[in-house]
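*Asks:* The structure under discussion is supplied below as structure tokens; questions concerning it will follow.
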Amino acid sequence: MSNTLQRTLLASAAIAAIVLTGCSSGGGGSGATSTGTTGTPNAVGTTASGAGGVVSSAGNVVSALGDQVASTQLPLVSAQTSQGMGGALKSTGNAVTDLGNAVSSGLGQTGTNANTVGVTLAGVAPAVTDLGHAGVSLGSGIQGITKGNPLQGTPVDTLVSGVGGIVQSVGQGGIAGGAILGQTLATTGPVGQVTSTLSQPINQITNMVSDTTRTVGTTTGLGGPVSNLITTVGGVVSKVGTTIGGTSNNGVVVALGNTVDATGKTVSTLGGVVNGPTSNGSTNSFGSLLGGLGITTAGGGGSAGNPLGSVTGLLGGLGGLGGLGSTSGSSSPLAPVTSLLGGLSGAASGGSSGSSNPLAPVTSLLSGVTSSAGGSTGGTGGLLVLIQPVTNLLGSVASVGK
């Protein structure tokens with residue numbers, strides 16, 4: 001077996017071993033994302049959690065408004081109507097809050113919870129129940145429209161009471177439906193198994209998106225400044241909300257201030273989209289795959305701050321395999337390639353080139369071709385060396401034709 005073939009087989013085996021090692025190293029990261037247990041929510045989850053908080057706060061505003069309506073007595077308006085309408089508003093606000101809480105505890109935990117979809121859907125059940133209570137309260141409020149005024153006891157009163165009763169029946173159906181949904185959408189039931197399966201790719205995709213945006217921010221150096229700017233803006237909005245809530249003891253004003261505060265905090269979380277650690281704790285989203293390549297190569301791993309360090313490390317390792325050349329200490333990112341070419345030319349010609357010219361292996365190989373084709377270059381180089389085989393061949397053809 002020739003030296004060239006031996007070295008080629010050695011290089012192929014080494015490359016296969018390196019790739020397998022890199023894949024096994026990256027497998028740990030992919031396994032973590034498939035189960036969604038990365039320790040902390042990714043950037044998408046953090047933003048969703050903040051958005052859920054804003055929705056919950058908005059629901060609290062509606063609920064507080066309902067309390068105000070229920071406690072307000074207007075002329076010619078019965079207490080039943082005031083309390084019914086106020087109760088309907090409060091229950092509706094509670095339903096909105098339920099949805100916001102579901103988003104925060106479900107999608108808001110993307111990257112950490114293995115069943116983000118299931119937890120989010122499970123939060124729909126209490127929202128439906130609260131809407132059912134809102135229907136019951138609304139029906140009672142409608143029935144009270146003709147109470148405590150001249151319309152009481154008239155046919156209009158009878159008609160209005162009937163309409164209110166229908167609305168209450170619908171509300172009771174909503175309450176029952178919420179209970180059924182609670183059992184159906186339970187994360188431990190059959191639906192929970194389906195949603196758990198759906199959540200796995202969501203965790204993986206959002207981890208990839210989050211890792212990519214954060215890596216771009218780190219690589220470009222813009223992540224920190226942009227994050228600081230966004231955080232500052234969010235802090236200003238949050239402070240405005242705190243100020244609003246502190247200006248009055250009115251429940252609606254306080255709830256409104258909390259909503260603005262939650263909005264500011266959510267804006268601040270957007271800075272994490274471009275700044276922060278990746279799902280594997282690295283600043284390089286490709287580290288789980290290429291990191292192993294850089295470590296296992298003979299040339300050593302790349303710098304942690306260089307996202308291409310793994311690639312250059314791999315090339316460096318190939319350059320050092322089987323005596324194909326060494327680039328240790330070289331500062332050129334193409335040194336592994338030139339070293340590999342030098343080794344290949346040495347294997348073909350039986351010697352090695354000490355020239356600093358990265359194309360020396362190619363010129364050396366062409367010189368061998370011209371020598372084997374017949375004729376001599378007479379020590380000349382350049383263009384004559386390259387066209388000598390052609391002129392020799394043409395000369396041979398001309399002699400045959402004579």
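*Asks:* Kindly evaluate Gly245 against the criterion of being in the same structural domain as Asp130 (by TED's automatic domain parsing) and either at pLDDT below 95 or surrounded by fewer than 13 Cβ atoms within 10 Å (Cβ to Cβ) (or both).
*Replies:* So Gly245 fits the description; yes.
*Asks:* Still on this structure, please answer the following. Can you pull out every residue in segment 198-224 that is loosely packed, with under 13 Cβ neighbours inside 10 Å, more than 14 Å from Thr110 (Cα to Cα) and not small (Gly, Ala, Ser)?
*Replies:* Thr220
*Asks:* Hand me the list of helices (runs of 4 or more DSSP H) wholly inside segment 136-254 holding 2 or more residues that are among the polar types (S, T, N, Q) and touching a residue at least 60 places away in the same chain (Cβ under 8 Å).
*Replies:* 190-220
Okay, residues lined up against (1) modelled with pLDDT under 95; (2) surrounded by fewer than 17 Cβ atoms within 10 Å (Cβ to Cβ); (3) out of contact with any Ser or Thr (no Cβ under 7 Å at 6 or more places or on another chain); (4) part of a loop (DSSP other than H, G, I, E, B):
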{"residue": "Gln6", "(1), (2), (3), (4)": "yes, yes, yes, no"}
{"residue": "Ser12", "(1), (2), (3), (4)": "yes, yes, yes, no"}
{"residue": "Ser34", "(1), (2), (3), (4)": "yes, yes, yes, no"}
{"residue": "Pro41", "(1), (2), (3), (4)": "yes, no, no, yes"}
{"residue": "Gly45", "(1), (2), (3), (4)": "yes, no, no, no"}
{"residue": "Ser57", "(1), (2), (3), (4)": "no, no, no, no"}
{"residue": "Gly93", "(1), (2), (3), (4)": "no, no, no, no"}
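*Asks:* While we're looking at this one, here's another question. Kindly indicate which of Gly111, Gly153, Gly148 is exposed (fewer than 15 other Cβ atoms within 10 Å of the Cβ) and in contact with a Ser or Thr (Cβ under 6 Å, 6 or more places away or on another chain).
*Replies:* Only one candidate qualifies: Gly148.
Conditions (1) under 28 Å from Thr278 (Cα atoms); (2) more than 43 Å from the chain's Cα centre (by Cα); (3) part of a loop (DSSP other than H, G, I, E, B), marked per residue:
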residue: Asn101; (1), (2), (3): yes, no, no
residue: Gly111; (1), (2), (3): yes, no, yes
residue: Thr129; (1), (2), (3): no, no, no
residue: Gly132; (1), (2), (3): no, no, no
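*Asks:* Please go through segment 169-197 and pick out each residue that is surrounded by 14 or more Cβ atoms within 10 Å (Cβ to Cβ) and either among the aromatic types (Phe, Trp, Tyr) or more than 30 Å from His133 (Cβ to Cβ) (or both).
*Replies:* Scanning segment 169-197 gives a single hit, Ser196.
The values are calculated or read from the model by the stated rules, or taken from the named source; none is laboratory data. Just so it is clear, the model here is predicted, and its values are computed rather than measured. Here Cβ is always computed from backbone atoms with ideal geometry, including for glycine, and neighbour counts include all displayed protein chains.
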